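In what follows, a structure is listed as structure tokens, so that the remarks can point back to it.
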Amino acid sequence: VNVRIAPRGDAPDAKASAELFEILEARANNGKIVIPAHEHRYVTIVFSPASLNVYTAFFEATVENGLDPKTKQLKLELRGEGSLPNVVIDLPPPPAKPIDMS
């Protein structure tokens, strides 16, 4: 099965959006995943947003030499939102009573 992330359209921003999604298993296997008959495989898709924005792309899986056009391809829409990192600073509580330093 050939797997890939495809842009939604031909616009430059659609192509840039698709580049933020990555299929980890496909990187090591040149975009192919072997799935024996009557079995399944999981894929991990990593999303690395570059800014505060909504990003979309397609995940496509195509069976090599698939003959039936109804079942040889799976196409799913991917969506992700960039967000700001959240930092929380915990300070120790103030002392219950003043400390006499004399």
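The values are calculated or read from the model by the stated rules, or taken from the named source; none is laboratory data. Remember, it's a predicted structure, so these values are computed and weren't measured experimentally. In this analysis, Cβ positions are derived from the backbone assuming ideal geometry, glycine residues included, and neighbour counts consider all displayed protein chains. Heavy atoms of the whole protein, side chains included, go into the accessibility calculation; ligands, DNA and RNA do not. Shrake-Rupley method; radii C 1.70, N 1.55, O 1.52, S 1.80 Å.
Among [x] 212; [y] 92; [z] 119, which one is volume of the Cα convex hull per residue in Å³ computed from these coordinates?
Label of the calculated value: [x].
Regarding segment 1-54, what are the three Cα extents along the principal axes, ordered largest first, in Å?
40, 21, 18
Go through Gly66, Pro7, Tyr42 and say which Cα lies farthest out towards the positive end of the charge dipole of the chain; charges sit on Cβ, +1 for Lys and Arg, -1 for Asp and Glu.
So the residue furthest toward the plus end is Gly66.
What 222 nm value per residue comes from the helices of the chain, counting each DSSP H run with n ≥ 4 as -39,500 (n - 2.57) and dividing by all residues, nearest 500 deg cm²/dmol?
Values: 2 runs with 12 residues, N = 102.
Per the formula, -2500 deg cm²/dmol.
Please name whichever of Pro92, Ser51, Ile23 sits farthest to the positive end of the charge dipole of the chain, dipole taken about the Cα centre and charges placed at Cβ: Lys and Arg +1, Asp and Glu -1.
Ile23
Is there a quick way to get the dipole size of the chain? I mean about its Cα centre, with the Cβ of Lys and Arg at +1 and of Asp and Glu at -1; what is the value in debye to the nearest 20? Before the final figure, lay out the partial values.
Details: 11 positive and 13 negative charges, 53 e Å.
The calculated dipole for the chain is roughly 260 debye.
If I compute solvent accessible area with a 1.4 Å probe over the protein chains, what percent of it on segment 24-90 is carbon and sulfur? Kindly include the intermediate steps, with their values, before the conclusion.
Details: 2990 of 5570 Å².
In segment 24-90, the share of accessible area belonging to carbon and sulfur is 54 percent.
Under the rule of at least 5 residues apart or a separate chain, name every residue whose amide H is placed under 5 Å from the amide H of Lys32.
Val3
Can you list the lysines whose alpha carbon sits under 24 Å from that of Lys75, skipping same-chain ones fewer than 8 residues off?
The qualifying lysines are Lys15, Lys32.
Using the Karplus curve 6.51 cos²θ - 1.76 cosθ + 1.60 with θ = phi - 60°, what ³J(HN,Hα) values do you get for each residue of segment 17-32, in whole Hz, with x for Gly and Pro?
Residue by residue, segment 17-32 yields 5, 5, 5, 7, 9, 9, 8, 5, 5, 6, 4, 7, 10, 6, x, 10 Hz.
Per residue, how much accessible surface does the chain expose to a 1.4 Å probe? Answer in Å², no decimals. Walk me through the numbers before you get to the answer.
Working: 8400 Å² over 102 residues.
With all protein chains present, the chain gives 82 Å² per residue.
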